[in-house]
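Presented below is the structure to which this report refers.
The values are calculated or read from the model by the stated rules, or taken from the named source; none is laboratory data. Predicted model only: the values in this text are computed from it and were never measured. Cβ placement follows ideal geometry from the backbone for every residue including glycine, while neighbour counts extend to all protein chains displayed. Just the protein is used for accessible areas: all its heavy atoms, side chains included, with ligands, DNA and RNA removed. Shrake-Rupley method; radii C 1.70, N 1.55, O 1.52, S 1.80 Å.
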Amino acid sequence: QWNLVCEDDWKAPLTTSLFFVGVLIGSFISGQLSDRFGRKNILFLTMAVQTGFSFLQIFSTSWEMFTVLFLIVGMGQISNYVVAFILGTEILGKSVRILFSTLGVCIFFAIGYMLLPLFAYFIRDWRMLLLALTVPGLFCIPLWWIIPESPRWLISQGRYKEAEAIIQKAAKINGIPAPSVLFGTAEMQDSKPQQQQKAILLDLFRTRNIATITIMSLLLWFFTSVGYFGLSLSTPDWHGNAYVNCFLSAVIEVPAYVIAWLLLRSLPRRYSLSGTFFLGGSVVLFIQLVPAELNVLSVGLVMLGKFGITAAFSMLYVYNVELYPTVVRNMAVGATSTASRLGSIIAPYFVYLGAYNRFLPYILMGSLTVLIGIITLFLPESYGNPLPESFEQMLKVK
């Protein structure tokens, strides 16, 4: 519509990159806002931001206006995803929490991804498509009266009466008798927030061992994100129907998440991650050897590559949490998540290289994924070990 071709073709990947810049900004602020104002408030505020600004995009009169609004949509999109994840893990019991944080969140993400090409196939006008993708946000409004605030967050703020009311209601719904008073004066005194040791970013590099782990973790997250988003965004360039390819790209994520969950339960982290990276990277590298007439085979290889990288991506978060001590764990996850966002920002330009050579994006993504598969083997093994509490308890690099 705005002639994003010829000398203006650089604007197309920039649009996607600026969306991911919004995702980067949203990642930074969402955790701090939810810690300060509550999980539930920020969840619904960011849902409103995503829905409202997506709706405004429909009325865009220029590429510049569309792109600025897209950046703000990115800020809302990642924020409600992260806050929903935190709220779910804090409300649910231990047995359900693991299922929710691995299979639950990931598979519902994949279902949404699958619905996208279905909507796009039947609604070819981009403004109407945006409207169709925005309307479901309104269905979240009734959830305000269903989803409770996190009792853990309320307790951390000293709001014991509100937390007690939520827990009593949960007990009543579950048919479990609960004591009339949950928090006595003694418990309130004992559970007052303790001053935690403050950590700074430089603590992630304080010794040679932790600095090595941090640098390797940043590379893992950065290149995994490039591979995942590069393959996801390249679906229109594959052989065959773009809508079917996008749907297949989403479908392959479901078995990838299930396999990742099974691997995390029963096998060492390093070998599980390295194996999925090698699988994903090597099959993507093979695409250049497939004859042009064997379209189905090349699409199949891309799918297998996406399967490997998606499985690795979903395992990385758990592995990262297990490597760092409590005092810097949040900081480490934040730093690696930032590296991941930077990877997603440059991923559209990897896809853009396909305009010069059809196989170049796959050669680069495949090579980098194999490289991080090798790097993973040098990290320490965390499977079966307790979470480290101090720097002294951190495992050593191989």
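Is there a residue being among the polar types (S, T, N, Q), open to solvent by 30 Å² or more (accessible area, probe 1.4 Å) and out of contact with any strand residue (DSSP E or B) (no Cβ under 6 Å at 6 or more places or on another chain) anywhere in segment 285-295? The answer is yes; a qualifying residue exists.
Checking each residue in segment 146-161 for being more than 14 Å from L43 (Cα to Cα) and open to solvent by 70 Å² or more (accessible area, probe 1.4 Å) picks out R152, Q157, R159, K161. Cβ-Cβ contacts under 7 Å between residues 6 or more apart (or on different chains), taken from a first residue in segment 293-311 that is closer than 18 Å to Y271 by Cα to a second residue that is open to solvent by 20 Å² or more (accessible area, probe 1.4 Å) and in a helix (DSSP H, G or I), are listed as F307/P255; G308/L279; A311/I259. Looking at segment 105-127, which of its residues are under 22 Å from F313 (Cα atoms) and not β-branched (V, I, T)? Within segment 105-127, C106, F108, F109, A110, G112, Y113, M114, L115, L116 qualify. Remark: G366 matches the filter, which requires a residue to be within 14 Å of T276 (Cα to Cα), crowded, with 17+ Cβ neighbours inside 10 Å and either among the small types (G, A, S) or in the same structural domain as D9 (by the TED database) (or both). Checking the conditions here, which among S34, S54 is at pLDDT below 90 and among the hydroxyl-bearing types (S, T, Y)? Of S34, S54, the one residue that is at pLDDT below 90 and among the hydroxyl-bearing types (S, T, Y) is S34. A165 satisfies every condition listed in (1) within 23 Å of the chain's Cα centre (by Cα); (2) open to solvent by 40 Å² or more (accessible area, probe 1.4 Å); (3) not hydroxyl-bearing (S, T, Y) except (1).
In summary, I86 fulfils each of the numbered conditions (1) of a type in the set (V, I, T); (2) over 18 Å from the mean Cα position of the chain (by Cα); (3) within 28 Å of L233 (Cα to Cα); (4) open to solvent by 30 Å² or more (accessible area, probe 1.4 Å) with the single exception of condition (2). The criterion of at least 2 residues that are touching a residue at least 24 places away in the same chain (Cβ under 8 Å) is met, among helices (runs of 4 or more DSSP H) falling completely within segment 27-134, by 39-57, 63-91, 105-122, 126-134. Would you check if there is a residue in segment 202-209 being among the aromatic types (F, W, Y), within 22 Å of A311 (Cα to Cα) and either assigned by the TED database to the domain that holds K306 or touching an Asp or Glu at 6+ places or on another chain (Cβ under 9 Å) (or both)? No: zero hits. Within segment 97-112, is there a residue that is open to solvent by 50 Å² or more (accessible area, probe 1.4 Å) and in contact with a Gly (Cβ under 7 Å, 6 or more places away or on another chain)? Yes: one or more hits. Taken as a whole, the structure leaves P236 outside the set of residues that are at pLDDT below 90, of a type outside the set (D, E, K, R) and farther than 20 Å from L364 by Cβ. Only a single criterion out of (1) aliphatic (A, V, I, L, M); (2) surrounded by 19 or more Cβ atoms within 10 Å (Cβ to Cβ); (3) at pLDDT below 80 is not satisfied by L395, namely (2). Looking only at residues in segment 134-145 that are surrounded by 15 or more Cβ atoms within 10 Å (Cβ to Cβ) and more than 20 Å from the chain's Cα centre (by Cα), the one that is nearest to L248 (Cα to Cα) is T134.
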